[in-house]
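For reference, the structure discussed in these notes is given below.
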Amino acid sequence: MKRQRLKARKEEEEMKRKRTVFVGNLPISCTRKTLQSLFRDQGSIESIRFRSVVREDPAMSRKVAAIQRKVHPKKQSMNAYVVFKDEDGVSRALERNGMEIEKDFHIRVDRVTDNSAHDHKRSVFVGNLSFEIKELTFRRHFEKCGPVEAVRLVRDQNSGLGKGFGYVLFESADSVQLALELDGSQLEARAIRVKRSVKKEKQKNKTDGKKGSAGRPGKGPAKGPGPERGGGGRGGFKSPKKFSGTQPRSSKSSGSFRGEMVDPNKKSKQKGLKKKKPKKPKKTVHI
């Protein structure tokens, strides 16, 4: 019964995720009414949850900080999750992606499910960014390469400040080549790095392949770790068995000192024996 309930709950959560959209780069002044009016034409809304609110006072609860809008002065944006009553609302809500709902605030609207649908052919990775850069500044730097569909700054969960890297998604794949030419360009007094966006799986396989070909001891190719020294891998030595409490101890003496128990029978026998008197030395006779 418990397993069935867990399965039913999991299916229910998955269905809810399919009816949910992520809305990023919202101004702190944004309210539930603002989002309801923004997505009312897209479909009936079931619920709205605000997230990524960086508290001004760490002692304050996140919920209270979100309600009272007492946020960190350097983090004037937040995110939200909007749950629709049907999946059609999600498809229509995506039309709001990139919309400027307030001056200098272009929102990002994504599906919560199917993260693999991100088009890496139209995206670039940007590194060495300022931790305090705003999404609008980041966006405008790349708009010269072509229409930008969305930008994303990766932020620290606690401080809300950027981690120094982000992504730009263009409307056309042709803009990527122009964006790569901005590698080394100055953005807020920093020379940024611009590379093609690569899937995590491909990136992982590349790094694992390099590690495997480097010939480091104890590590094999990208498929997995090779036999360790003394391991049971092909051609390797068998690893020594670890001692467990159920295994008998070896009777052979080890390098550490071990005292022997005295046999009481032997002791009593020794008491019964007479002590031998020491022999007197023979007198030397001088002739």
Requested in this report: Identify, by number, the condition in (1) free of Cβ contacts under 8 Å to residues at least 60 places away in the same chain; (2) within 27 Å of E56 (Cα to Cα); (3) not acidic (D, E) that A173 doesn't meet.
Outcome: (2)
Query raised in the report: Quick check, is R108 in the same structural domain as F50 (by TED's automatic domain parsing) and under 23 Å from the mean Cα position of the chain (by Cα)?
Result: yes
Report summary line: Only unsatisfied item for R69, checking (1) over 25 Å from the mean Cα position of the chain (by Cα); (2) at pLDDT below 85; (3) closer than 24 Å to R139 by Cα, is (3)
Report task. State whether one or more residues within region 131-141 are in the same structural domain as D174 (by TED's automatic domain parsing), assigned to a helix (DSSP H, G or I) and hydrophobic (A, V, I, L, M, F, W, C). Result -> yes
Report summary line: Residue hits (region 153-179; in contact with a helix residue (DSSP H, G or I) (Cβ under 9 Å, 6 or more places away or on another chain), surrounded by fewer than 19 Cβ atoms within 10 Å (Cβ to Cβ) and either under 20 Å from V23 (Cα atoms) or aliphatic (A, V, I, L, M) (or both)) are E171, A173, L178
Report task. Looking only at region 168-178, decide whether some residue is modelled with pLDDT under 90 and under 22 Å from the mean Cα position of the chain (by Cα). Result -> no
Report task. Please work out which residue is nearest to R152 (Cα to Cα), limiting yourself to region 102-116 and to residues that are touching a residue at least 60 places away in the same chain (Cβ under 8 Å) and assigned to a loop (DSSP other than H, G, I, E, B). Result -> I107
Query raised in the report: Any idea how many residues of region 128-139 are within 17 Å of Q177 (Cα to Cα) and either touching a Gly at 6+ places or on another chain (Cβ under 8 Å) or without any contact (Cβ under 8 Å) to a residue 24 or more places away in the chain (or both)?
Result: 0
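The values are calculated or read from the model by the stated rules, or taken from the named source; none is laboratory data. Since the model is a prediction, treat every value here as computed from it, not as a measurement. Reconstructed Cβ throughout: ideal geometry from the backbone, glycine too, with neighbour counts over all protein chains shown.
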